[in-house]
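Remarks on the structure that follows.
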Ligand SMILES: [Zn+2]
């Protein structure tokens with residue numbers, strides 16, 4: 001698949017696909033770059049970061065395929081730093097492995113935590129963070145007669161459609177009779193309900209079609225509260241919250257407010273869940289905390305959702321013979337005595353949990369860091 005085709009593919013699908021890449025003989029290059037800079041100095045820092053990483057990787061490279069991959073990353077990196085490609089992106093992830101036919105370039109609307117890894121599978125912890133924090137979003141402005149649906153993609157791309165319902169009977173206002181007035185209002189209310197139903201239907205199908213998890217409603221409180229009642233339950237469950245907004249406001253204003261709201265909501269949800277998981281783990285419930293316990297649960301395929309501290313940089317080893325993953329730098333497997341290879345524990349855990357059908361949350365949480373940077377909700381008690 002070409003880089004361009006991959007750009008359009010869903011992020012979750014990409015994460016699933018990369019998590020299923022079996023660790024093998026081929027080396028996979030993963031690079032996360034920040035591509036929005038406040039000044040030239042910052043841009044230069046990214047340029048130097050790429051250059052140094054490539055020099056180090058080339059020094060260790062023993063096969064032509066890897067050199068080819070590094071060459072591709074270098075060319076992509078130069079274009080990104082020069083902003084001749086993807087100038088609107090704040091961050092870009094690159095994955096390359098020629099033997100697997102892998103050449104992926106994904107832009108993001110938020111900066112990446114810069115990393116450059118050559119390993120025997122893709123480094124996915126940062127991609128998992130981006131999948132949550134840069135998830136596609138739908139902002140819905142609604143009033144009694146109009147709606148604006150603004151879709152915001154992973155890369156920050158915006159699309160807007162306007163839906164309007166010309167309320168029939170509006171211009172017949174002015175009757176003296178109470179009967180006429182009440183009939184008029186009843187008609188208007190009925191029409192408004194139909195308008196809200198129609199908008200709700202459009203919103204629900206957009207969420208389905210575009211894989212949108214986060215819905216933000218915008219508008220005047222009363223209209224939004226009325227509209228919300230018309231959303232079918234699956235769409236209602238995706239509502240993160242409401243922001244103020246007017247019909248003639250620019251889309252970028254509404255979107256900026258919505259993005260702030262979502263960022264706060266994700267942070268809040270993570271904080272609450274991490275606290276609950278740590279309490280559960282301490283009680284010996286369906287949760288575990290700490291490196292050894294989580295690695296054990298991952299090895300048994302028992303993880304429902306794993307929580308990884310953002311930026312967790314813990315070295316580990318994977319047994320070439322039995323596949324066991326352990327922390328530290330032992331050259332021999334603790335379980336079978338087989339030879340081991342160096343890995344990043346965070347990336348390994350993320351890839352394994354996703355490949356097993358579990359979920360991942362990469363969270364900036366001091367409480368999580370205190371227990372070694374890993375905790376998990378389990379499918380069943382161990
Ligand atoms: Zn082993």
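Enumerate the pairs (first residue in region 314-326 and without any contact (Cβ under 8 Å) to a residue 40 or more places away in the chain and more than 16 Å from residue 297 (Cβ to Cβ); second residue anywhere and near the ligand (Cβ under 8 Å from one of its atoms) and outside any loop (DSSP other than H, G, I, E, B)) with beta-carbon separation below 6 Å, excluding pairs fewer than 6 apart on the same chain, so at least 6 apart or on different chains.
Close Cβ pairs (under 6 Å, with a partner that is near the ligand (Cβ under 8 Å from one of its atoms) and outside any loop (DSSP other than H, G, I, E, B)) amount to 317/340; 319/340.
Of everything in region 215-258, what is in a loop (DSSP other than H, G, I, E, B) and more than 21 Å from residue 205 (Cβ to Cβ)? Give them in sequence order.
In the first step, residues of region 215-258 are kept if they are in a loop (DSSP other than H, G, I, E, B); the result is 219-220, 229-232, 237-238, 244-250.
Across region 215-258, the qualifying residues are 220, 244, 245, 246, 247, 248, 249, 250.
State the number of residues belonging to region 300-336 that are touching a strand residue (DSSP E or B) at 6+ places or on another chain (Cβ under 9 Å) and within 11 Å of the ligand (Cβ to nearest atom).
Residues in region 300-336 being touching a strand residue (DSSP E or B) at 6+ places or on another chain (Cβ under 9 Å) and within 11 Å of the ligand (Cβ to nearest atom): 14 in total.
So which of 82, 88, 93 ends up being in contact with a strand residue (DSSP E or B) (Cβ under 9 Å, 6 or more places away or on another chain), surrounded by fewer than 18 Cβ atoms within 10 Å (Cβ to Cβ) and within 17 Å of residue 46 (Cα to Cα)?
Working: 82 fails: in contact with a strand residue (DSSP E or B) (Cβ under 9 Å, 6 or more places away or on another chain); 93 fails: surrounded by fewer than 18 Cβ atoms within 10 Å (Cβ to Cβ).
Of 82, 88, 93, the one residue that is in contact with a strand residue (DSSP E or B) (Cβ under 9 Å, 6 or more places away or on another chain), surrounded by fewer than 18 Cβ atoms within 10 Å (Cβ to Cβ) and within 17 Å of residue 46 (Cα to Cα) is 88.
Consider region 186-213. How many of its residues are surrounded by 14 or more Cβ atoms within 10 Å (Cβ to Cβ) and outside any helix (DSSP H, G or I)?
Of the residues in region 186-213, 2 are surrounded by 14 or more Cβ atoms within 10 Å (Cβ to Cβ) and outside any helix (DSSP H, G or I).
So which of 344, 365, 369 is over 26 Å from residue 28 (Cα atoms), away from the ligand (no atom under 16 Å from the Cβ) and out of contact with any strand residue (DSSP E or B) (no Cβ under 6 Å at 6 or more places or on another chain)?
Working: 344 fails: over 26 Å from residue 28 (Cα atoms); 369 fails: out of contact with any strand residue (DSSP E or B) (no Cβ under 6 Å at 6 or more places or on another chain).
After ruling out the rest, the residue left standing is 365.
Quick check: anything in region 57-66 buried (at least 22 other Cβ atoms within 10 Å of the Cβ) and in contact (Cβ under 8 Å) with a residue 24 or more places away in the chain?
Taking region 57-66 first, the residues buried (at least 22 other Cβ atoms within 10 Å of the Cβ) are 66.
Narrowing the set further to residues that are in contact (Cβ under 8 Å) with a residue 24 or more places away in the chain leaves 66.
Looking for residues that are buried (at least 22 other Cβ atoms within 10 Å of the Cβ) and in contact (Cβ under 8 Å) with a residue 24 or more places away in the chain, one finds at least one in region 57-66, hence yes.
Taken together, the values in this text are just the output of simple stated rules run on the coordinates, not laboratory data. Bear in mind that the values here come from a model prediction, so they are computed numbers and not experimental data. Cβ atoms come from the backbone with ideal geometry, glycine included; neighbour counts cover every protein chain shown.
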